[in-house]
Amino acid sequence: SSGGAARFEEARCMLMRGGTSKGAYFLAGDLPAEPAPRDDLLLRIMGSPDPRQIDGLGGAHPLTSKVAVVSASADPEADVDYLFLQVGVDSSEVSDRQNCGNLLAGVGPFAVERGLVVPDGDRTSVRIRMLNTGDLAVADFPTPGGRVDYSGSAEISGVPGSAAPVVIEFPPGGSPLLPTGRARDIVAGTPVTCVDNGMPTVLVAASSLGVTGYETPEALEADQELAERLRAIRLEAGKLMGLGDVENTTVPKLSLLAQPSAGGAVMTRTFIPVRCHTSIGVLGAASVAAGLRVEGGVGESVARLPEHGDRMRIEHPTGFLDIETAVAYEETAVGTHGETALAHDAPGALPVARRTAVVRTARKIFDGTVFPRPAGAAHH
Ligand code: NQM
C-alpha cells in the first residue's frame, strides 16, 4: 500500500450500539477523505467481504455492519455532520445511498465524547445534518456533570434492559412524502404505497403476497417465491420512485403490513431489502407511520390508526416502536415528476410530513484503536 494509506494502518474508532443497530463510529478526520480509500479501509476494518466477518468488527448481519462518520458542521443550522455508510457483509459494497436512524442515536453522544460538542447542562441538544439525505435531526440526551450518561430507564424493543433516552426530532425533510405522486400504485401486479418520510419504503399488505405478516424473519427469508415477488416489486417501485435501477442498492425498503396484535396501529415485517429486519429501522418506521396516515394508501385495509395524537405504535418481530408523525394536506405539493396538485380543486392533493419524533437509546461499547486487515489480504 502507498505511503498515504500507511497513516491509516490503524484508526481511532468507537463501537456503539445505536438503537437496534451496532456500528463503528469515526471522526471524519480519522479516515481517508477520499471515498475509494476510505471504503477500502472500512471493508478491512469490518472484515468484509465474508458472511461471518470473522476478521473484523462486523457482526455478520446488515444491522451490525454499519459505520457513522461524524465531523463538525460548516452549516449554521447544524452542529455536526453525520454520514452513514452501510458496509456489505459478504459483498465489497460500501454504500452512502441510505440513511440510518438507529446509528443516528449514537451520533450526539459520540460528538460529545470526541469534544465536537460541548455539553450544555444536564441535557445536551445536538443538531445533526444527515449527509445521506440532506435532512436535519435534533438529538437530546442526558449529560449530567458534562459527561454523557448512557444509563437510564428507557426501554426499546429489540434491546435487552434499559438505557438513557435519546430523544430525536426530525423537522420536515426535503423529499416528497409520496415519491410517485400517488397514494397507491400497482407494481408487479401488487398494490403498494410508495412513501419516503426519511427512508424510501414500499408498503405492501402481507395478504396480497400470500403471507400473514406474522411469520418469523427466518421463515420469510427462506421463502424463495416471496423473495422473487419482493424483488420484482422493488425493482419496479424503485423506478417509479425516481431511484433508478435499485438492483444493487439497499433502498427502497419493503414493509409488509398486517393487522396489529398488541394494541398498536399495524404489524410489520420489513425487508432491508433482502434480509428481513428483526425489528424495524427508525426512518423505516417513520415512513410506515406517515404512509398509514395517507388517505387511500394500502395500509387502510389493515391498520388501526390512533384516534388522536401524533403517536403511533408500529409492531414488528421483536416488539414495537412508538413514533410520532403528523401528516397534513397542503394547498400545493410537488412530486418528483413535477406535478402540482391544489387541495381545493384536486381531491388527490399530495400530503406532506409535518414532524416526526422518536425515542431511542445508545451505548458506548468500546473506544480505542482498530487494526484493519492488511490491504490485499482478501480472498474471494
Ligand atoms: O430506517 C435498517 C436500522 C435500519 C435503518 C435498514 C434505520 C432506519 O434498523 O432509520 O435505522 O433499514 O437497513 O438500523
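The single residue among Leu42, Leu116, Leu136, Leu57 that is within 17 Å of Leu283 (Cβ to Cβ) and crowded, with 17+ Cβ neighbours inside 10 Å turns out to be Leu136.
Any residue that is of a type outside the set (Gly, Ala, Ser), more than 16 Å from the ligand (Cβ to nearest atom) and either in contact (Cβ under 8 Å) with a residue 60 or more places away in the chain or farther than 25 Å from Ile156 by Cα (or both) - is there at least one of those in the stretch 246-257? Yes. Kindly provide the set of residues from the stretch 184-236 that are within 16 Å of the ligand (Cβ to nearest atom), surrounded by 21 or more Cβ atoms within 10 Å (Cβ to Cβ) and more than 25 Å from Ala326 (Cβ to Cβ), ordered by number. Leu220, Leu230, Arg234 - these are the residues of the stretch 184-236 that are within 16 Å of the ligand (Cβ to nearest atom), surrounded by 21 or more Cβ atoms within 10 Å (Cβ to Cβ) and more than 25 Å from Ala326 (Cβ to Cβ). Residues in the stretch 307-330 that are in a strand (DSSP E or B), away from the ligand (no atom under 16 Å from the Cβ) and surrounded by fewer than 18 Cβ atoms within 10 Å (Cβ to Cβ): Arg311, Ala326, Ala328, Tyr329. Got at least one residue in the stretch 4-27 being within 16 Å of the ligand (Cβ to nearest atom), part of a loop (DSSP other than H, G, I, E, B), at pLDDT 95 or above and of a type in the set (S, T, N, Q)? There is at least one residue in the stretch 4-27 that is within 16 Å of the ligand (Cβ to nearest atom), part of a loop (DSSP other than H, G, I, E, B), at pLDDT 95 or above and of a type in the set (S, T, N, Q). Put simply, of Gly56, Gly106 the only residue that is more than 15 Å from the ligand (Cβ to nearest atom) and in contact (Cβ under 8 Å) with a residue 12 or more places away in the chain is Gly56.
Screening Arg304 on (1) touching a residue at least 40 places away in the same chain (Cβ under 8 Å); (2) more than 12 Å from the ligand (Cβ to nearest atom); (3) in a helix (DSSP H, G or I) shows it passes everything except condition (3).
Only one of Gly296, Gly291 is in contact (Cβ under 8 Å) with a residue 60 or more places away in the chain, assigned to a loop (DSSP other than H, G, I, E, B) and either of a type in the set (Gly, Ala, Ser) or in contact with a Ser or Thr (Cβ under 7 Å, 6 or more places away or on another chain) (or both). Can you tell me which? If you could, list the steps in order and put the result at the bottom.
Values: Gly291 fails: assigned to a loop (DSSP other than H, G, I, E, B).
Answer to the check: Gly296.
Of all residues in the stretch 79-118, which are within 15 Å of Leu63 (Cα to Cα) and small (Gly, Ala, Ser)? Result: Gly88, Ser91, Ser95, Gly101, Ala105, Gly106.
Determine, yes or no, whether Pro76 is assigned to a helix (DSSP H, G or I) and surrounded by fewer than 19 Cβ atoms within 10 Å (Cβ to Cβ). Please lay out each step first, then the result.
Details: assigned to a helix (DSSP H, G or I): no; surrounded by fewer than 19 Cβ atoms within 10 Å (Cβ to Cβ): yes.
Taking the combined requirement at face value, the residue does not satisfy it.
The values are calculated or read from the model by the stated rules, or taken from the named source; none is laboratory data. In this text, all values refer to a predicted model and were calculated from it rather than measured experimentally. All Cβ positions, even for glycine, are placed from backbone atoms using ideal geometry, and neighbour counts span all protein chains on display.
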